[in-house]
Amino acid sequence: MSSTKPTIKANNHKIHPCPNDKKLALAHDLVAQNTNEDIIVVTSGDTRILEETLTGIKVIDDKTLIKDKDLTCTLLISFDVPLKAVIYIARLSHTTKNAVLLLNESEQKLLYPIETLLGRVIKQEIVSGFEYPQKEVKEIDPKARKPLSKERIKEIAKKNYDDKVGTPKPISDKPKRDYKKDDEKAAQWEKKKKAPNKFLGKDENGKALFSGKSGERNHRYDGSARDSSYPPKKVGRKINIKSLKKPTD
């Protein structure tokens, strides 16, 4: 065929899910069920194992199939999925009637680009005895702890924080301030007014005595208060300006 565009109808194009270890047996059964068809089995890997099992059937790899553009069949069995979607589309161009793809579970990811190029979803049909092995479902222990939701985690975290730090008291529960006690404390630190120094008389030497040390500074020897000009200010030496003038000739 000169064109690489598939010509088969959508209903004649099927996928048989099958694990790798059962593909060879399934391919043998398909060949046995379609003895009246002109069959080609194509693979992207080595053809030797297929040739030994499927005697009398054309087994060919992708490189050879693409090179021989005139090679056609009525039933194309794809033993695996090529890595590139365009290669699989090229496979389909060599069949005039039917196409079957044996698909392992690990090859499912390669199916999407193929269906994108075809513009449709390929029908999958499970053959009894060749289905994927069922995965063991772990029994859920009813006593096992269920995972906590985000809201529940926040509630537990908040409770643990409140227990550790303590719930803050509302403002209304705080004791009122006693301003009277505050005034009493402030009064203790106020600077007390000093009583004026009293003249106590004179000692045996005639020196005036006072009730405080500052009295000696502010009173005369005889006990009378000094005037505001005491102590006298130190005045610098007075200089006669006239004496500084140079005599004129």
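The values are calculated or read from the model by the stated rules, or taken from the named source; none is laboratory data. A quick note: this is a predicted structure, and the numbers were derived from the prediction, not measured. Here Cβ is always computed from backbone atoms with ideal geometry, including for glycine, and neighbour counts include all displayed protein chains. Surface accessibility is based on the protein's heavy atoms, side chains included, excluding ligands, DNA and RNA. Shrake-Rupley method; radii C 1.70, N 1.55, O 1.52, S 1.80 Å.
Worth pointing out:
- When each of the peptides 122-133, 63-74, 153-164 is scored by how many other beta carbons lie within 10 Å of its residues on average, the order from highest to lowest is 63-74, 122-133, 153-164.
- In nm, spacing of pseudo-spin labels at Leu200 and Glu184 (7 Å Cα→C-beta vector): 3.6
- Cut-off under 5 Å, modelled amide H: who pairs with Leu209 long-range: Leu200, Gly201, Lys202, Asp203
- Rounded to the nearest 20 debye, the dipole size of the stretch 63-137 about its Cα centre is 360 debye, using +1 on the Cβ of Lys and Arg and -1 on the Cβ of Asp and Glu.
- For the stretch 1-45, the fraction of alpha-carbon pairs in successive 5 Å shells from zero, as %: 4, 14, 19, 30, 19, 11, 3, 0
- Near the amide H of Asp38, within less than 5 Å, lie the amide hydrogens of Thr74, Leu75, all on another chain or at least 5 residues away, with H placed in the peptide plane.
- Kirkwood-based shape ratio for the stretch 1-152, expressed as Rg/Rh from alpha carbons: 1.13
- Residues with amide H under 5 Å from that of Leu103, placed H, sequence gap 5 or more: His16, Cys18
- Accessible surface of the stretch 24-122 [probe 1.4 Å, protein heavy atoms]: carbon and sulfur percent: 53
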